[in-house]
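*Asks:* Below you'll find the structure I mean.
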Amino acid sequence: MSKIDLYSARDAYTVVTGACPHDCPDTCSWQVAVDKTSGRAVDIWGHADHPITQGRLCGKVDRYLERTYHAERLTKPLRRVGPKGSGQFEPIGWEEAVAGIAHRLRSVITTYGPEAVLPYSYSGTLGFLQGEGMATRFFNRIGASRLARTICSEAGFEGYLYTIGAAEGMLPEDFAHARLILIWGSNTLTSNQHLWPFVQAARRQGGRVVVIDPAATRTAKAADEWIPIRPGTDGALALAMMHVIIGEKLHDASYVQRYTLGFDPLAERVRAWDPARAAQITGVPTQRIVALAHEYAQLRPAAIRINYGLQRHYGGGMAVRTITCLPALTGAWREHGGGIQLSSSGLLRHLDKSGLYAEDDGKLPIHHAKESSPAPRTINMNRLGDALSLEPALLARAHYRPRPIDRMPMPDQAGPPVKALIVYNCNPAAVAPDQGAVLAGLRRNDLFTVVLEHFQTDTADYADYVLPATTQLEHWDIHRSYGHAWLTLNRPAIAPVGEALSNSAIFRRLATALGYSDGCFDETDEQILRAFVEAQTHERFAGLTWERLLRDGFYRVNVPDPYLPFAQGNFPTPSGKCEFYSARMAQDGYDPLPTYTAPKWQEREEKWSTIDSQPSTPHVAAGDQPSPLADRTLQLACISPPAHSFLNTTFANVPRFIQREGEPLLCIHPDDAAWRGITSGDRVRVYNERGEVELIARVTDDIISGTVLAPGVWWAKFSPDGRNINQITPADETDMGAGGMLYDVLVWVVRTH
Ligand SMILES: Nc1nc2c(c(=O)[nH]1)N[C@H]1C(S)=C(S)[C@@H](COP(=O)(O)OP(=O)(O)OC[C@H]3O[C@@H](n4cnc5c(=O)[nH]c(N)nc54)[C@H](O)[C@@H]3O)O[C@H]1N2
Ligand SMILES: Nc1nc2c(c(=O)[nH]1)N[C@H]1C(S)=C(S)[C@@H](COP(=O)(O)OP(=O)(O)OC[C@H]3O[C@@H](n4cnc5c(=O)[nH]c(N)nc54)[C@H](O)[C@@H]3O)O[C@H]1N2
Ligand code: SF4
Ligand SMILES: [Mo]
């Protein structure tokens, strides 16, 4: 008997349909059984009728009730009583908390101006309302600094947009029809599990699955083949594939002629990319590159799933742009089961969010304070450490500069120091790069920090006030997906735990306390969501109504099924074609053609090449500082992709999941380990010029030699030395979109005892 039948048959329970709020392309629809008498949620499962969820949640969210009813859930507002970072707080009432926060915010705004207030948020929930809906109303009303939310996907996104025009492409269902699937920089079985049934369906019909990744992930092991590659070098592989495809005339000349722009200069460009050259850079053998190019052009339909792993490197934007040229070159877009998927979020690009954000819709008087003044500055979230610095030159560096033509302001134009930081849906003390700089900022006594949270996270430890927020079981929302075509409604299933309030309710209260009487702060959550749904007039949302969402729980964006967006061109680029040559890129300061942009860690190789002869293997005694010469050669590239049982830092405080992951690990290749005298289980010190962290070594050839892998993201406070891997990650920006370069870094690794 299915769970829905089981619980529906019993009077004691109600069943409520909702949506998983997490940052995951699958955006599952769930159902929750609630005991009518106690009001407690007793079971949760995946919605059987949702075509992507197919009745299954992942292992993490299957346990969402354990997280919701976790003994350490925050249930009352807290005020700091100890030093910043100590985690010492006293419970207080909501009125006192809201009044205290409003008082401090008012004083910051009066003394330093509204830009001294910085919101900091990311992906705790991707809901329209509890994500940025009410928060945007609030921070726009203040005129606060804006935040460029760049940490995850900006580089790849930009690269894709320059080439294709919008974040659209294959949908998960289409993968079932492919004969070749390249899973490129994605650990599907961990981070995009609901794609896998479609991959398996393709295999049942003879489809081949190839994973291109520096690590033999569980996905790579489940695939037909793993092609190990050096991190950040994927662009070179794609260029060489194009070299072979064009050189052997395996491209689809008629598709190329009709629907692409710049084939001739592309052909000229890739002529220099013979596979032997790419083999040197990528570590993929020449013959394998040639064969891969043949397979890609000839096994049709051919599908590519790229995820964000491969674009967290300096050249990530260009790498995604280059790979994204492949399906147009071979005409893969023509076929059901051919093409590429990075994100499906562009399906929603015609969504009208002005009402949601109460922006410029002529009805709500939210912008009156701002009309005559220029837009507030925008801070790049990757550079939080710089943003919190009192040094104007560093603050200037934190300004968002997504393209090469965007200039850094002079220090005297950087604007006021950040004096108030309001964090929601995010755990920057653990997830943001250059943790040392972030913590130094958070430790500032003159910085007023408010954190809206479910738990006393690493970040909450630095707050002046911690406000208890509701979980997805306790509030309304609507969710988009970046992996499929469905919008999903979340209804609250239970009353808020303790005194928790939703983000929307908290920002409403803060607005009232600041004296903002705008009507947009009076609307209830349901009113806002219903109005948002009813405001949609684009044909992509035909048939979408609030009643329908209430009835079904989800709605498929109105595009054909199957959806082959570029079978006949129609690329939403300026030229209407897939742009191998992009004039927009030239204007923005980039090379207009696909090229190889090396990762920063490869500067190690450049350093090597300046040394006349390679040094003999240096011996480093455990704990010793490497010699200056060894310095150059001992470093390893370090990547820190998601651990299977955590979702960034979410769930990394649930005992069951900590147990499953064991300890904060460093996976290291046997060659690299032997050289350093490291064996599995050893404690190792992983460090660079930015910081250091202690991890437990796992010696394994599941990671290529020359690269180490630290599954993330552990809470620093639950780690042996109170630090996590972001101690060593750089806050530098990627080539495009000023995105996060979290996986492009060199470290030294030594055994500590
Ligand atoms: N269980 C779980 N699921 C998640 C998350 C999580 O933390 N845990 N995170 C969610 C979030 S926020 C996101 S953004 C999505 C997307 O998630 P992503 O961040 O894209 O993560 P993965 O799908 O694990 O893909 C990363 C893979 O890329 C590989 N990789 C790293 N560098 C390179 C490279 O240069 N080239 C190539 N070819 N491969 C490389 C890594 O070894 C890893 O296997 O997943 C979401 N889903
Ligand atoms: N080294 C390294 N660093 C990384 C990554 C990596 O792979 N390696 N991944 C990066 C990526 S891809 C991403 S997307 C970021 C993610 O970084 P974050 O956006 O910080 O994501 P989480 O760590 O999941 O933390 C989200 C927090 O939001 C809280 N939250 C959830 N729902 C709500 C709500 O409704 N209200 C409020 N107030 N709070 C809520 C959760 O309790 C949780 O503490 O991390 C990045 N950092
Ligand atoms: S985290 Fe992803 S796979 Fe897991 S329930 Fe949520 S949407 Fe589904
Ligand atoms: Mo992400």
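The values are calculated or read from the model by the stated rules, or taken from the named source; none is laboratory data. Small disclaimer: the values here were computed from a predicted structure and weren't measured. So basically every Cβ, Gly included, is an ideal-geometry build from the backbone, and we count neighbours across all protein chains shown. When the accessible area is computed, the model is the full protein with side chains, heavy atoms only, and any ligands, DNA or RNA have been set aside. Shrake-Rupley method; radii C 1.70, N 1.55, O 1.52, S 1.80 Å.
*Asks:* Using modelled amide H (1.01 Å from N, peptide plane; none on Pro or chain starts), what sits under 5 Å from the amide H of residue 43, excluding residues fewer than 5 places away?
*Replies:* Counting only residues 5 or more places away or on other chains, the set is 33.
*Asks:* On to the next question. Could you check the simple spin-label distance between residue 584 and residue 407, using points 7 Å along Cα→Cβ, in nm with one decimal?
*Replies:* Distance between label points: 2.5 nm.
*Asks:* A follow-up question, please. Could you give the size of the charge dipole of the stretch 123-278 about its Cα centre, using +1 on the Cβ of each K and R and -1 on the Cβ of each D and E, expressed in debye and rounded to the nearest 20? Could the numbers behind the result be given before it?
*Replies:* Working: 16 positive and 15 negative charges, 66 e Å.
So the dipole magnitude of the stretch 123-278 works out to roughly 320 debye.
*Asks:* Of all DSSP beta bridges in the chain, what percent run antiparallel (nearest 5)?
*Replies:* On the way: 40 of 84 bridges.
Within the chain, antiparallel bridges account for around 50 percent of the total.
*Asks:* Further question on the same structure: Between 129, 55, 92, whose Cα lies farthest towards the positive end of the dipole of the stretch 26-152 when Lys and Arg beta carbons carry +1 and Asp and Glu beta carbons carry -1, centred on the Cα centre?
*Replies:* Among 129, 55, 92, the one farthest towards the positive end of the dipole of the stretch 26-152 is 92.
*Asks:* Can you work out ³J(HN,Hα) from phi for every residue in the stretch 657-663, in order, using Karplus 6.51 cos²θ - 1.76 cosθ + 1.60 and θ = phi - 60°, giving whole Hz and x for Gly and Pro?
*Replies:* Karplus values, whole Hz, x for Gly and Pro: 7, 4, 4, 5, 7, x, 9.
*Asks:* Please compute the Kirkwood hydrodynamic radius over the stretch 682-727, one decimal place, Å, based on all pairs of different Cα atoms.
*Replies:* Numbers: mean 1/r = 0.0877 Å⁻¹.
The Cα-based Kirkwood calculation yields 11.4 Å.
*Asks:* Say the dipole of the chain comes from +1 at the beta carbon of Lys and Arg and -1 at that of Asp and Glu; which of 486, 568, 153 then lies farthest toward its positive end?
*Replies:* My answer, from the dipole projection, is 486.
*Asks:* Going by the alpha-carbon gyration tensor, a ≥ b ≥ c the square roots of its eigenvalues, is the chain rounded (a/c under 1.5) or, if a/c is not under 1.5, prolate (a/b greater than b/c) versus oblate? Intermediate results must be reported in sequence, preceding the final value.
*Replies:* Working: a/c = 1.43, a/b = 1.20, b/c = 1.19.
Since a/c stays below 1.5, the shape of the chain is classed as rounded.
*Asks:* Sticking with this structure for a sec: How many percent of Cα pairs in the stretch 249-352 exceed 24 Å?
*Replies:* Tail fraction, whole percent: 29.
*Asks:* Spelling out what I want: for every residue of the stretch 412-427, take phi, set θ = phi - 60°, compute 6.51 cos²θ - 1.76 cosθ + 1.60 (Karplus), and round to whole Hz; glycine and proline get x.
*Replies:* Taking θ as phi minus 60°, the curve returns 6, 10, 6, x, x, x, 6, 10, 9, 10, 10, 9, 9, 6, 6, 10 Hz for the stretch 412-427.
*Asks:* If the reach is capped at under 17 angstrom between alpha carbons, list the aspartates and glutamates near residue 249, excluding any in the same chain fewer than eight residues apart.
*Replies:* List returned: 264, 268, 274, 295.
*Asks:* Restricting to DSSP H runs of at least four residues, report the calculated mean residue ellipticity at 222 nm for the chain, -39500 (n - 2.57) per run over all residues, nearest 500 deg cm²/dmol. If you can, show how the numbers build up before the last one.
*Replies:* Details: 28 runs with 219 residues, N = 753.
The helix-only estimate for the chain comes to -7500 deg cm²/dmol at 222 nm.
*Asks:* Moving on to the next point. Output the lone cysteines of the chain: those with no second cysteine's C-beta under 4.7 Å from their C-beta.
*Replies:* Flagged as lacking a Cys partner: 24, 58, 152, 325, 426, 520, 578, 638, 667.
*Asks:* Do any GluC sites (Glu not before Pro) in the stretch 69-119 lie in a loop, going by DSSP, with at most 13 other beta-carbon atoms within 10 Å of their beta carbon, and if so which? It would help to have the intermediate numbers written out before the result.
*Replies:* Working: sites: 72, 95, 96, 115; in loops: 72.
Qualifying residues, ordered by number: 72.
*Asks:* Starting from the alpha-carbon convex hull of the stretch 3-68, give the projected area averaged over all orientations, in nm². Walk me through the intermediate numbers first.
*Replies:* On the way: hull surface 17.5 nm².
With the hull built on Cα positions only, its mean projection is 4.4 nm².
*Asks:* Another question, then. Could you tell me the distance between the Cα centroids of the stretch 302-317 and the stretch 38-113, to the nearest Å?
*Replies:* Comparing the Cα centres of the stretch 302-317 and the stretch 38-113, I get a distance of 32 Å.
*Asks:* Now for a separate question. From the phi angles alone, apply the Karplus equation (6.51, -1.76, 1.60; θ = phi - 60°) to the stretch 43-49 and give each ³J(HN,Hα) in whole Hz, x where the residue is Gly or Pro.
*Replies:* In residue order, the calculated couplings are 7, 9, 8, x, 5, 5, 8 Hz.
*Asks:* I would also like to ask the following. Can you list the residues, at least 5 places off or on another chain, whose amide H is less than 5 Å from the amide H of residue 448, using H built in the peptide plane?
*Replies:* Counting only residues 5 or more places away or on other chains, the set is 420, 421.
*Asks:* Considering the dipole of the chain built from charges on the beta carbon (Lys and Arg +1, Asp and Glu -1) around the Cα centre, which of 510, 24, 138 is farthest to its positive end?
*Replies:* Toward the positive end, the furthest listed residue is 24.
*Asks:* While we're looking at this one, here's another question. Rg/Rh for the stretch 1-111: what does it come to with C-alpha atoms and Rh from Kirkwood?
*Replies:* Using only Cα positions, Rg/Rh for the stretch 1-111 is 1.16.
*Asks:* Right, here's the next one. Run the dipole for the chain about the Cα centre, Lys and Arg Cβ at +1, Asp and Glu Cβ at -1, nothing else charged, and hand back the magnitude in debye, nearest 20. Before the final figure, lay out each step's value.
*Replies:* On the way: 75 positive and 83 negative charges, 71 e Å.
About 340 debye.
*Asks:* How large, in percent, is the carbon and sulfur part of the accessible surface of the chain at a probe radius of 1.4 Å?
*Replies:* Working: 13200 of 26850 Å².
For the chain, the apolar C and S fraction of the accessible surface comes to 49 percent.
*Asks:* Follow-up question, since we're still on this one. Mind checking the per residue accessible area of the chain for me, 1.4 Å probe, whole number of Å²? It would help to have the intermediate numbers written out before the result.
*Replies:* Numbers: 26850 Å² over 753 residues.
Normalised by residue count, the accessible surface of the chain is 36 Å².
*Asks:* Going by the alpha-carbon gyration tensor, a ≥ b ≥ c the square roots of its eigenvalues, is the stretch 382-506 rounded (a/c under 1.5) or, if a/c is not under 1.5, prolate (a/b greater than b/c) versus oblate?
*Replies:* Working: a/c = 2.77, a/b = 1.56, b/c = 1.78.
Here the stretch 382-506 falls in the oblate category.
*Asks:* What are the residues whose amide H is under 5 Å from the amide H of residue 454, where those residues sit 5 or more places off or on another chain and H is modelled from the backbone?
*Replies:* Counting only residues 5 or more places away or on other chains, the set is 469.
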